[in-house]
Amino acid sequence: MSGGLHQKYLDEAVGQIPGSMGILKSTWRCPSNIALVKYWGKKHVQIPANPSLSFTLSNSYTEMNLTIGKHAGNAQELEYSFEGEQNEAFESRIRGYLRNISSYFPFLSGCNIRIASRNTFPHSSGIASSASSMGALALGICSIERQILDGSKDEDFYRKASYMARLGSGSAARSVYGGFVTWGTMEDNEHTSDEFATPLAESVGPAFTSLCDAVLIISPDKKSVSSSQGHALMDDHPYAGARYLQARKNILDLRRAIIGNDIKTFIQIAENEALALHGLMMSSDPAFLLLKPGTLQVMSRIQEFRKEKGISVAFTLDAGPNVHLIYPGYEREKVLALIMDELLGYCYQEQWLDDRMGTGPEELSV
Ligand code: PMV
């Protein structure tokens with residue numbers, strides 16, 4: 001268990017040496033992830049109400065370049081650019097995040113912090129950019145801390161990066177690792193924690209070593225409800241208790257299915273979770289509806305297609321209308337034919353993203 005991680009990280013902060021550092025740099029490529037068992041509902045501070053399970057993507061990532069140098073004053077100066085341009089909304093989120101983590105990283109005060117970030121996937125595409133960007137930022141800051149402390153990038157490094165990423169965006173905690181990742185305490189696994197994510201330790205069945213994710217863009221519109229608002233609505237949700245029990249059962253069953261190569265159970269749980277997530281949104285007060293007619297048409301077509309052709313493909317949804325088709329690599333040809341022949345018609349300007357499970361973040365330069 002995590003014990004006093006908060007205290008451990010504060011103690012490490014004492015060892016940091018502000019004042020004597022030159023210009024430090026780090027660039028990380030951090031992928032996004034798609035949750036199969038959803039995190040929806042949280043306690044203070046970014047502690048999930050139930051454990052979640054995701055897999056990390058490969059092609060959909062944030063590349064973030066971080067440069068830090070001391071200046072004469074004590075104030076922190078931030079220059080942030082997204083795809084070469086200033087972005088006030090993102091900058092203010094990052095400013096707030098840096099403030100929140102300042103007690104863990106005192107070397108950041110009195111610094112010029114320059115961040116240049118870009119994503120390989122469009123905004124509001126159904127891929128969580130907060131997961132990849134907060135993951136990249138946490139990894140970058142932890143990397144610079146290691147440069148100052150002359151430490152290596154061991155297991156502790158990734159755990160700390162996951163802990164810090166969580167403070168930026170809960171789902172970002174999972175993006176720090178590749179493959180299948182869980183976040184949230186599971187009673188039968190002492191390595192899991194509400195404070196950081198843990199990669200699935202067991203080897204997975206052959207169907208799950210090459211999992212793919214085709215994201216069908218049903219609508220490119222910005223979400224009408226932020227995920228923070230959605231999580232907050234779970235506080236007084238009439239179904240909250242039942243939901244957290246459902247998620248706990250689903251995660252155990254899903255993990256067993258992945259390890260045991262049980263694709264049928266995998267599909268059933270993945271779709272149950274997607275529908276449960278949107279069911280919670282539609283029954284909160286106020287209620288909100290993010291599904292579009294095209295979302296329902298695609299989901300129902302997937303279920304028919306499976307029945308007609310016996311193909312292993314499941315849908316899942318994030319907090320938006322776009323549909324993720326999850327399938328093992330060996331079904332690729334058939335799923336691509338289905339997308340091309342039938343599903344593109346439901347997509348906004350026939351847009352979709354072709355992604356698959358990846359091995360996790362990568363540091364591009366030190
Ligand atoms: O990490 P947040 O606060 O954006 O919440 C993510 C919530 C979902 O994407 C809907 C589910 C999940 O587990 O990623």
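The values are calculated or read from the model by the stated rules, or taken from the named source; none is laboratory data. The shown structure was predicted, so the numbers you read here are calculated from the model rather than taken from an experiment. Cβ: placed from backbone, ideal geometry, glycine included. Neighbour counts: every protein chain shown. Side chains included, ligands, DNA and RNA excluded: accessible areas come from the protein's heavy atoms. Shrake-Rupley method; radii C 1.70, N 1.55, O 1.52, S 1.80 Å.
Figures for the structure shown
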item: Tabulated pairs, region 233-256, first more than 11 Å from Ser52 (Cα to Cα), second open to solvent by 50 Å² or more (accessible area, probe 1.4 Å) and of a type in the set (Ser, Thr, Tyr), C-beta under 6 angstrom, 6+ apart or interchain; result: none
item: Close pairs (6 angstrom Cβ cut-off, 6 or more residues apart or separate chains): without any contact (Cβ under 8 Å) to a residue 12 or more places away in the chain and closer than 11 Å to Ser26 by Cα in region 52-69, within 13 Å of the ligand (Cβ to nearest atom) and of a type outside the set (A, V, I, L, M, F, W, C) anywhere; result: none
item: Ala75, sole failed condition from (1) aliphatic (A, V, I, L, M); (2) at pLDDT 95 or above; (3) assigned to a loop (DSSP other than H, G, I, E, B); result: (2)
item: Verdict on Ala337 being open to solvent by 10 Å² or more (accessible area, probe 1.4 Å), hydrophobic (A, V, I, L, M, F, W, C) and farther than 19 Å from Cys212 by Cα; result: no
item: Filter pass, Gly96 being surrounded by fewer than 15 Cβ atoms within 10 Å (Cβ to Cβ), at pLDDT 95 or above and not polar (S, T, N, Q); result: yes
item: Test: residue in region 90-99 that is closer than 24 Å to His231 by Cβ, within 13 Å of the ligand (Cβ to nearest atom) and outside any loop (DSSP other than H, G, I, E, B); result: yes
item: Residue satisfying all of: in region 154-176; touching a Phe, Trp or Tyr at 6+ places or on another chain (Cβ under 7 Å) and near the ligand (Cβ under 10 Å from one of its atoms); farthest from Pro199 (Cα to Cα) among these; result: Gly168
item: In region 201-232, the residues that are among the hydrophobic types (A, V, I, L, M, F, W, C), open to solvent by less than 40 Å² (accessible area, probe 1.4 Å), out of contact with any helix residue (DSSP H, G or I) (no Cβ under 7 Å at 6 or more places or on another chain) and at pLDDT 95 or above; result: Leu211, Val215
item: The one condition in (1) surrounded by fewer than 14 Cβ atoms within 10 Å (Cβ to Cβ); (2) farther than 30 Å from Ser162 by Cβ that Thr359 fails to fulfil; result: (2)
item: Any hit, region 100-111, residues being within 13 Å of the ligand (Cβ to nearest atom), assigned to a loop (DSSP other than H, G, I, E, B) and either surrounded by 20 or more Cβ atoms within 10 Å (Cβ to Cβ) or of a type in the set (Gly, Ala, Ser) (or both); result: no
item: Complete set of residues in region 37-58 that are near the ligand (Cβ under 9 Å from one of its atoms), farther than 30 Å from Gly69 by Cβ and within 14 Å of the chain's Cα centre (by Cα); result: Val37, Lys38, Tyr39, Trp40, Pro48, Ser52, Leu53, Ser54
item: Any hit, region 14-36, residues being in a helix (DSSP H, G or I) and open to solvent by 50 Å² or more (accessible area, probe 1.4 Å); result: yes
